[in-house]
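Have a look at the structure below before the remarks.
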Amino acid sequence: MIELRRDGAVEHIELEPEDSYRLELENLSDAIRGRGEPLLGRDDAVGNAHAIEALYRSAETGAPVTLVH
């Protein structure tokens with residue numbers, strides 16, 4: 001369930017559970033076959049790599065780090 005709060009009102013939105021990895025692979029498969037555009041691209045992958053590197057640096061130093069990209 002998603003709880004959406006705006007303008008003082010609260011809206012609850014029910015969602016069916018989905019396998020996000022399966023959905024991502026289906027999207028990529030469709031893009032490879034020319035049936036659509038990939039939802040996640042290079043910028044998303046590079047951003048994830050930067051975030052993972054920052055987490056490792058933080059774990060090594062025991063201190064928060066600034067995410068730089």
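The values are calculated or read from the model by the stated rules, or taken from the named source; none is laboratory data. Computed from a predicted structure; not experimentally measured. Note: areas computed on protein heavy atoms with side chains; ligands, DNA, RNA excluded. Shrake-Rupley method; radii C 1.70, N 1.55, O 1.52, S 1.80 Å.
Per residue, how much accessible area does the range 1-60 have with a 1.4 Å probe, in Å²?
With all protein chains present, the range 1-60 gives 92 Å² per residue.
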Problem - Apportionment of accessible area to carbon and sulfur, the chain, percent (1.4 Å) - result: 56 percent
Problem - Whole-Hz couplings from phi, Karplus 6.51/-1.76/1.60, listed for the range 15-28; x for Gly and Pro - result: 10, 7, x, 9, 8, 5, 5, 4, 4, 5, 5, 4, 4, 4
Completion exercise
Dimensionless Rg/Rh of the chain, both radii on Cα and Rh by Kirkwood, sits at 1.14
